[in-house]
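The values are calculated or read from the model by the stated rules, or taken from the named source; none is laboratory data. Treat the numbers as computed from the prediction; the structure is a model and nothing was measured. Glycine gets a Cβ as well: all are built from the backbone with ideal geometry, and neighbour counts include every protein chain shown. Calculation scope for accessible area: heavy atoms of the full protein, side chains included, ligands and nucleic acids excluded. Shrake-Rupley method; radii C 1.70, N 1.55, O 1.52, S 1.80 Å.
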Amino acid sequence: MYDLIIKNIKIYDGSGEKPFIADVGIKGERIAKIGIIGDEIASPPHLYIGVEARNDKLINGESLCLSPGFVDIHSHSDYYLLIDPLAQSKVRQGVTTEVGGNCGYSASPISGSALEERKKSYREQFGLELNWTDLKGYNKKIEENGISLNYCQLIGHNTVRASVAGIVDREPSSGEMKKMERIIEEAMDEGAVGMSVGFAYTPSCFAKKEEVANLCKITAKRGGIFTTHIRSEGRTLIESIEEVIDIARVSGVRLQISHLKTFGEENWGKLDEVFKLIESAINEGIDIVCDRYPYTAANTGLQAVLPDWVFDGGKEMAIERLKDYKTRDKIKTELLKKYPSNSYWDSVMISQVVTDKNKGVEGKRVREAWGKGQGARGNKGDLLDFLFDILIEENLEVDAIYFSMSEDNMKRILKKDYVMIGSDSGARSTDGLLGLGLPHPRTFGTFPRILGKYCRDEKLFDLPTAIYKMTSYPCKRIGIKNRGLIKEGYFADLVIFNPDTISDTATYESPKNYPKGIEYVIVNGKITVNNGNHTGAKAGRILPHK
């Protein structure tokens, strides 16, 4: 007796091998049989799913494909899973497992001024109460609410450093360093899968590589991975990759370079040297992988354009500096040196603000919004004054999309056998609290885009290879057991898709659109997406590192 039968479907089992046609029987949370299923009756009876169903719970798989559930190796859903546990934008594109806490920012462990600042921000924006400090407390909160997919968490170095030493441009004291070490040890023991760092963001932009390497030794000792948003993906790209390879070499940690890219046309020609660096290190015996999303625009806060020193002392100090006209002039001088032409701001789109008074700038390029006098203050100065004013009025909470990458380079990166697929996004929705703004289209379309545009249409790689990069490969990398493959005894995290119609429908101008061609998504044996619609099931769970 099976709880669900999938009949006559083409199976891509996640191994990278050729597909085959078979039936699949699911009992409880696991795959019970792969082969020919005859007259066995599913239980309970009289539940009809799909076309030509008999008197059992059955999905007719003709003309469809079955894959393991996709693993988003690089996500940012840490708080979003508590705001909306259904994880709509992820589950509807076939994601059954996410790895959060990337780029140095995690929901836990967190304490001190960092906790107080986030409490205020999430209470005001989303009505979310942060009532935990450690990973155990965060996991408990997730489990109480339930989630629609499985979740693993990295420890964010930026969050830990801010919790212990504040947002300051200095080395931590020996006592602070020991405290950070204890926090990493405890979080790893509580199930974190590794540690992340965002060298491009505060306060880790102030950290020397030796500090991070020491913490990576603890991560390595406990079998965790180290993921990194490198210090620069543009002007000092090569030096930044050398830095994180050195950290891996010294600490022995397994390295994952996040969203590998060449940012800015003047840096596109560096890709061959990037590949040479990474592959030479791999040949040396250093364990390195990368992740990448299939789009040529980046997404981060608009404040990322400001010099690091502006943030020394935290958000309030940064805002005070932006308000001070003498300091403004200093910032302007640096920005004009880095971006000498106003035309640069045609490549930066404001995607989300917090306040209603500035909603008019959403979806506009910075220069366009400035030229039209949009925003609360209108056009009362030069372009950089406009930029500073928007940041002040939005308390630095401004998302932006940066059109800065080469399509050819992106394809070359995606094809590398050490590159996995990650969305670099949090789980959003088309409405409600998580339906605000204009998020990057990767939020809604990453995985269908790979299978539709880059496999079926452009034949960048074949389906077995693409599915391997999105399923068993990340599971092996993180150490997730009994997932990522379609195999008897494995957990039934599965995606059923139409290979002829699967496609992303999200665009930069209209991003909040769910994909086509994802027919069913099954999480731990429970149907979570049925004929493209979320069923409301919350069968996901925390997957701790073991």
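The residue pairs whose first member lies in segment 177-189 and is open to solvent by less than 10 Å² (accessible area, probe 1.4 Å), whose second member is part of a helix (DSSP H, G or I) and not charged (D, E, K, R), and whose beta carbons are closer than 6 Å, counting only pairs six or more residues apart or on different chains, are Met180/Val160; Met180/Val164; Ile184/Leu215; Ile184/Ile218; Ala187/Leu135. Restricting attention to segment 455-480 and to residues that are in contact with a Gly (Cβ under 7 Å, 6 or more places away or on another chain) and among the hydrophobic types (A, V, I, L, M, F, W, C), the residue that is farthest from Ile496 (Cα to Cα) turns out to be Cys475. Checking each residue in segment 456-487 for being open to solvent by 40 Å² or more (accessible area, probe 1.4 Å) and over 22 Å from the mean Cα position of the chain (by Cα) picks out Arg456, Asp457, Glu458, Lys459, Asp462, Asn482, Lys487. From Leu383, Leu396, Leu414, Leu387, grab the single residue that is in contact (Cβ under 8 Å) with a residue 12 or more places away in the chain, under 23 Å from Ala107 (Cα atoms) and open to solvent by less than 20 Å² (accessible area, probe 1.4 Å). None of the others qualify; the one that does is Leu396. Scanning segment 105-137 for residues that are of a type in the set (D, E, K, R), under 19 Å from Thr202 (Cα atoms) and out of contact with any Leu (no Cβ under 9 Å at 6 or more places or on another chain) gives Glu116, Glu117, Lys120. Condition check for Lys120 on (1) within 33 Å of the chain's Cα centre (by Cα); (2) more than 30 Å from Asn513 (Cβ to Cβ); (3) of a type outside the set (S, T, N, Q); (4) at pLDDT 95 or above: one failure, at (4).
Matching residues to (1) touching a Gly at 6+ places or on another chain (Cβ under 8 Å); (2) open to solvent by 10 Å² or more (accessible area, probe 1.4 Å); (3) basic (Lys, Arg):
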{"residue": "Glu129", "(1), (2), (3)": "no, yes, no"}
{"residue": "Lys140", "(1), (2), (3)": "no, yes, yes"}
{"residue": "Ser148", "(1), (2), (3)": "yes, no, no"}
{"residue": "Tyr151", "(1), (2), (3)": "yes, no, no"}
{"residue": "Ser163", "(1), (2), (3)": "yes, yes, no"}
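Identify the residue in segment 522-535 that is open to solvent by less than 40 Å² (accessible area, probe 1.4 Å) and in a loop (DSSP other than H, G, I, E, B) and, among all such residues, is modelled with the lowest pLDDT. Residue satisfying both the conditions and the ranking: Gly532.
Annotation note: Cβ proximity below 7 Å between a residue of segment 492-521 that is crowded, with 24+ Cβ neighbours inside 10 Å and a residue that is outside any strand (DSSP E or B) and acidic (Asp, Glu) (sequence gap 6+ or interchain) occurs for Ala492/Glu29; Pro515/Asp504. It is to be established whether one or more residues within segment 188-204 are over 26 Å from Gly137 (Cβ atoms) and of a type outside the set (Val, Ile, Thr). Yes - at least one qualifying residue is present in segment 188-204. Regarding Val274, is this residue in contact with a helix residue (DSSP H, G or I) (Cβ under 9 Å, 6 or more places away or on another chain), of a type in the set (Val, Ile, Thr) and crowded, with 17+ Cβ neighbours inside 10 Å? Judged against the criteria, Val274 is a match.
If you go through segment 280-305 and keep only what is in contact (Cβ under 8 Å) with a residue 60 or more places away in the chain and either farther than 25 Å from Ser204 by Cα or of a type in the set (A, V, I, L, M) (or both), you end up with Ile282, Ile288, Val289, Pro294, Tyr295, Thr296, Ala297, Ala298, Leu302, Ala304, Val305. Among the residues in segment 286-304, are any surrounded by fewer than 20 Cβ atoms within 10 Å (Cβ to Cβ), part of a helix (DSSP H, G or I) and in contact with a Lys or Arg (Cβ under 9 Å, 6 or more places away or on another chain)? No, every residue in segment 286-304 fails to be surrounded by fewer than 20 Cβ atoms within 10 Å (Cβ to Cβ), part of a helix (DSSP H, G or I) and in contact with a Lys or Arg (Cβ under 9 Å, 6 or more places away or on another chain). Take the residues in segment 99-117 that are in contact (Cβ under 8 Å) with a residue 12 or more places away in the chain and open to solvent by 20 Å² or more (accessible area, probe 1.4 Å), then tell me which one is nearest to the chain's Cα centre (by Cα). Only one residue tops the list, namely Tyr105.
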